[in-house]
1. Determine, from the Cβ-Cβ distance of Gln347 and Ala419 and an R0 of 41 Å, the FRET efficiency 1/(1 + (r/R0)^6), rounded to the nearest 0.05.
2. So, in Å, what gap is there between the alpha-carbon centers of the stretch 366-407 and the stretch 64-121?
3. Once you've got the GNM for the chain with C-alpha springs shorter than 10 Å, pick whichever of Gly235, Gly383, Gly135 has the biggest mean-square fluctuation.
4. Suppose a student asked you for the relative contact order of the stretch 204-334, using Cα pairs under 8 Å spaced at least 6 residues apart; what percent would you report?
5. Rounded to the nearest 5, what % of DSSP beta bridges with both residues in the chain are antiparallel?
6. Using a simple charge model, +1 on the beta-carbon of Lys and Arg, -1 on the beta-carbon of Asp and Glu, nothing else, what dipole does the stretch 25-69 show about its Cα centre, in debye to the nearest 20?
7. Taking every eigenvalue of the Cα gyration tensor of the stretch 343-400, multiplying by 5 and rooting it, what semi-axes result, largest first, whole Å?
8. How far apart, in nm, are two points set 7 Å out from the Cα along the Cα-to-Cβ line at Ser286 and at Gln123?
Amino acid sequence: MYDPLNDSTLPAKASRVGYWTSHSVEWPTPAEQLPKKTDVLVIGGGYTGLNAAIESREQGRAVTVIDAESLAWGCSTRNAGFVMKSTGRLGLKHWYDTLGPQGAKAMAAEHQAALERIRTQVQHCPDQCDARDGGYIKLAHNPGAVKALKEQYDFLRSIEQPVSWLTQRDVADKLNTAHGFAGLKFDDCFAINPIKLAASVARQAQKAGATLVEQCTATAMTQVDGGWQVQTSQGVIVAHSVLFATNAYTTQRLFPKLARRNLPVVSSIIVTPPLTQAQLDATRLSDHYAYMDTRVLKYYFRLLPDNRLLFGGRGAIRGADADDPRYAKRLLAALHASFPALQGISQWEHFWSGWVSVSLDDYPRVMSLDKNVYASMGYCGAGVSFSSLAGKRLAEKACNIALPDLPYYQSELKPFPFAGFRRLGQWAFYHYGRMKDKWG
Ligand SMILES: Cc1cc2nc3c(=O)[nH]c(=O)nc-3n(C[C@H](O)[C@H](O)[C@H](O)COP(=O)(O)OP(=O)(O)OC[C@H]3O[C@@H](n4cnc5c(N)ncnc54)[C@H](O)[C@@H]3O)c2cc1C
């Protein structure tokens, strides 16, 4: 798999991957040619870039979106479809402690706005992106994890968030798993089919008047009178503003000020064959809910509308190893450990991976990098809902519209120190995580 830390450019004409591609969706017809000029050039055609394009059009700007591959080839067609009311890895408790009650309330309101935005977009989609509305449940994977999860629940209730507490018995009513010692249910979160959302947002962007160009890789840029001249695999385009929406797929070389700002981390998913009625009865899995656990190295899973089980977690460290079946086998072993009743499933039907963008301080930024150059990235694997709002914020920033006074919008992503050792640090963290999850 393409590796943003090692490869200097993206692969030529790579196809979209994974289970979601088996659904037929209507993508907009891309432009045949790259325009010579545009007001706003958005690099990256996933949720962030397409939403930035929609907002740029709202602001009356001519906008061109380019993607090195097909539209939304990156995470936006590879994710698990959990629409969560958060981003990054820091909970509202962290923001309460650092910003105080009003600050935490403002952060919660921004997360709520992101969720509402996705809800509206889902309604634009003919079959509502196959949305499943039962909620997202965080499961205590061992008895030791219950206390911290309950504290999280108590805190969220104290600031009036719509969450419910599930005792071990309540969890057992919903799910027969070996790792469900309690649950924190986020009542208003939901799950969708991510490729349907991506195609729907792409259609909306085109309808709004954005020019969408596929197989067009940005390779270099220089400042010129009135903006930036961007070299691409389809020629040169001059733009007043450039918006980076390349997230974890950003190469280290394209724009020096973006290098070292994130750690691309592989997340991998397997999808099983459809579960039999006996397997559904034995596990009590229902497609209403989406689940994640409390491990340091988390697993996440959901029953899909066609009764296949999607099960995901950390993958390889290097892109070169990402497609190695041993990572799928590892996920299958974790699935068996969670659901002994599914021991009979010996093979996966789909296995794929993607890069999530981890920031040094665990939360994303919509930031200014240079004169008329902006970027949004660092969602840490929680970007389905937030990237939609972040794309809008990115375009607003480029139009000099004041953004809410929140940490996401006030500073740049911090560069990783000793960036050359990022992978070594990740390897050490995985070892720590494995130990903590086993013994901690
Ligand atoms: C396996 C997996 C599961 C996930 N599950 C969830 C989940 O359930 N819930 C959740 O909230 N988040 C999840 N995420 C994260 C979420 O999918 C992302 O945060 C979100 O999709 C980011 O969207 P984006 O538009 O910023 O980036 P992407 O969708 O990754 O788009 C970036 C695009 O930039 C293009 N690009 C890069 N460089 C160039 C260049 N030089 N020129 C032109 N184009 C370029 C790429 O081709 C790519 O299409 C998951 C991620 C993975 C990998």
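The values are calculated or read from the model by the stated rules, or taken from the named source; none is laboratory data. Just so you know, these numbers come straight off a predicted model, no measurement behind them. Note that each Cβ is placed from the backbone with ideal geometry, even for glycine, and that neighbours are counted across all protein chains shown. SASA here: full protein model, heavy atoms, side chains in, ligands and nucleic acids out. Shrake-Rupley method; radii C 1.70, N 1.55, O 1.52, S 1.80 Å.
1. Efficiency, rounded to the nearest 0.05: 0.60.
2. Cα centroid to Cα centroid, the span is 11 Å.
3. Greatest mean-square fluctuation among the candidates belongs to Gly235.
4. So the answer I get is 17 percent.
5. 70 percent
6. Details: 4 positive and 7 negative charges, 51 e Å.
Dipole about the Cα centre, nearest 20: 240 debye.
7. Output for the stretch 343-400: semi-axes of 34, 12, 10 Å.
8. Between Ser286 and Gln123, the simple spin-label model gives 2.5 nm.
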